[in-house]
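All remarks here apply to the structure that follows.
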Amino acid sequence: MRVVIAEDSVLLREGLTRLLTDRGHDVVAGVGDGDALVKTITELAEQDALPDVVVADVRMPPTHTDEGVRAAVELRKAYPGLGVLVLSQYVEERYATELLAGSSHGVGYLLKDRVAEVREFVDAVVRVASGGTALDPEVVAQLLGRSRKQDVLVRLTPREREVLGLMAEGRTNSAIARQLVVSDGAVEKHVSNIFLKLGLSPSDGDHRRVLAVLTYLNS
């Protein structure tokens, strides 16, 4: 896996680089601001060497507000196949919604505390690089909590909303079953009901899992 890291804290940037390289991944560049990130990815794309995934801080110089996430959104529009995982100190719903409102694959939003859970963090980077989704449980909880008043989710039972939240974190049916201490068959039934109630047809393919989570963002 080829990775570009955008983080203005040199210490954290080097730490992320070490975590990934120690596990056999190739960190091809590390930058400290949003403009440098866009420039680096553009140059790599021109060399036909686009990385698999970008790991970027939401807040970077010069204003330390939304430079990182704006660069991430720009890059996703320019390079749809590029995975983007953003890191944030806190759950910032506006930024999460902006990032997730576009393509429904190859995207992640994690709190920086999650980096301390090394295995989960690396798994999330790999999942996003492979076109999957990785959302921090706290992000999911806030976004789903905010959206419960919307008609699109009112039709779901409390258990189905719980399953939807775990789906949003990128968990498989088997992992959800273990978390909820139920059978795989029970989870499959809940997932099928979620798809049905949200109007997601089989023609939507594997992306139905992500579309189920993102439906409320566009409602």
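Filter the trypsin sites (Lys or Arg not before Pro) in the stretch 1-90 to those in DSSP coil with at most 13 other Cβ atoms within 10 Å of their Cβ, and list the result. Could the numbers behind the result be given before it?
Numbers: sites: R2, R13, R18, R23, K39, R59, R70, R76, K77; in loops: R23, R59.
Sites meeting the loop and neighbour criteria: R23.
With a/c under 1.5 counting as rounded, go ahead and sort the stretch 1-99 into rounded, prolate or oblate using the C-alpha gyration tensor (a ≥ b ≥ c being the square roots of the eigenvalues; past the cut-off, prolate if a/b is larger than b/c, else oblate).
oblate
Rounded to the nearest 0.05, what FRET efficiency do D35 and T172 give with R0 = 35 Å and r taken as the Cβ-Cβ distance? Could you check? Walk me through the numbers before you get to the answer.
Details: r = 38 Å, r/R0 = 1.08.
Approximately 0.40, to the nearest 0.05.
With r defined as the distance between the Cβ atoms of R159 and D26 and R0 fixed at 35 Å, what FRET efficiency is calculated, to the nearest 0.05? Mind dumping the intermediate values first?
Numbers: r = 42 Å, r/R0 = 1.19.
In this case the efficiency is close to 0.25.
No value in this document is a laboratory result; all are computed from the given coordinates. Just so we're clear, the structure is a prediction, and the values are computed from it rather than from any experiment. Cβ coordinates were reconstructed from backbone atoms using ideal geometry, including for glycine residues, and neighbour counts include every protein chain displayed.
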